[in-house]
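Readers should treat all values here as calculations from the given coordinates under stated rules, not as data from a laboratory. Predicted model, so just to flag it, every value in this text is computed and none were measured. With ideal geometry, Cβ positions are generated from the backbone for all residues, glycine too; neighbour counts draw on all protein chains shown.
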Amino acid sequence: MGEGVLAGKVALVTGAGRGIGRAIALRLAQDGARLAVHYSGSEQGALETAKMIRDAGGEAMTVRADIARRDEVRALFAAIDEGFGRLDVVVNSAGVSGGGSLADLDDEQLEWMLGVNLRGPLYVASEAARRLGEGGRIVNLSSSLSEFPMAGSGVYSATKVAIKSLTESWAKELGRKGVTVNTVIPGATAPGMMDKAPEATRAFFENASPFGRIGTAGEIADVVAFLASPQASWVSGAHIMANGAANT
Ligand SMILES: NC(=O)c1ccc[n+]([C@@H]2O[C@H](COP(=O)([O-])OP(=O)(O)OC[C@H]3O[C@@H](n4cnc5c(N)ncnc54)[C@H](OP(=O)(O)O)[C@@H]3O)[C@@H](O)[C@H]2O)c1
């Protein structure tokens, strides 16, 4: 580590204690970035991610925040300022899924999903906008459910459509500073949210792809790594689907 395309750079990955976020953190560290491994509840997972990075010769610190809370996000960035003194790449991976019928709309679940999936990336990007400079990168994680909403996925799908609008707006605003902003749109992926899906749900998503399987977190991380790299300097405001040509 330290010799890759991200050598000398610092990356923050939210939700890096497990799932797709962890795979992204490991991948960016493999490319030479020093990592701020963010977590909310998965302290043990984040410590493991950081250990995996250090064991492979990289550098990592862990940072905790409920991203739905602006004060906690501010403190998270202050910790990175203190720990690394710079920031180059920000990946908004943390997110929560949930669903339910329209008739049973639940206020608590609504607030939770809007908080983590919408306000969270906004708070993170707002702090990032004050720090990122020429060559900076923001990568936002959306979902194929933004393209193919299902019965009951309305709120989740809407937050993931919103992410794409934010990407396009931020790309225009931050491009003036030399910062690119892009979206990666995963389909069903494991490790990650699909870990606890019932067998029938998993089979549904496997059958939806001509590859007959769901994606791996590493495959999503590879796409993020490209967007984070200097090679992606002219890609901004883009949404890249990584879902094995699934039609759902
Ligand atoms: N896996 C899929 O099938 C799939 C498909 C399409 C899109 N995506 C998107 O990919 C991204 C990563 O998903 P995943 O599969 O890795 O999900 P996951 O395994 O369920 O992990 C969710 C992550 O979000 C973090 N998080 C939850 N609440 C938080 C809060 N209040 N503050 C800060 N962080 C919080 C969790 O951190 P803690 O554990 O530390 O609390 C965890 O790291 C999400 O944006 C998701 O919408 C996933």
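Structure summary
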item: Of all residues in the stretch 59-96 being touching an Asp or Glu at 6+ places or on another chain (Cβ under 6 Å) and outside any helix (DSSP H, G or I), the one that is nearest to the ligand (Cβ to nearest atom); result: 66
item: Residue in the stretch 143-157 that is in contact with a helix residue (DSSP H, G or I) (Cβ under 7 Å, 6 or more places away or on another chain), buried (at least 18 other Cβ atoms within 10 Å of the Cβ), in contact (Cβ under 8 Å) with a residue 12 or more places away in the chain and under 17 Å from residue 175 (Cβ atoms) present; result: no
item: Qualifying positions in the stretch 205-248 - in contact with a helix residue (DSSP H, G or I) (Cβ under 8 Å, 6 or more places away or on another chain) and of a type in the set (Asp, Glu); result: 222
item: Test: residue in the stretch 97-114 that is crowded, with 17+ Cβ neighbours inside 10 Å and assigned to a helix (DSSP H, G or I); result: yes
item: Of residues in the stretch 9-43 being more than 19 Å from residue 80 (Cα to Cα) and assigned to a helix (DSSP H, G or I), the one farthest from the ligand (Cβ to nearest atom); result: 30
item: Matching entry among 210, 186, 191, 149 (being away from the ligand (no atom under 15 Å from the Cβ) and over 23 Å from residue 131 (Cβ atoms)); result: 210
item: Residue in the stretch 168-177 that is part of a loop (DSSP other than H, G, I, E, B), in contact (Cβ under 8 Å) with a residue 12 or more places away in the chain and under 27 Å from residue 207 (Cα atoms) present; result: no
item: Test for residue 160: is it part of a helix (DSSP H, G or I), within 20 Å of residue 246 (Cβ to Cβ) and touching a strand residue (DSSP E or B) at 6+ places or on another chain (Cβ under 7 Å); result: no
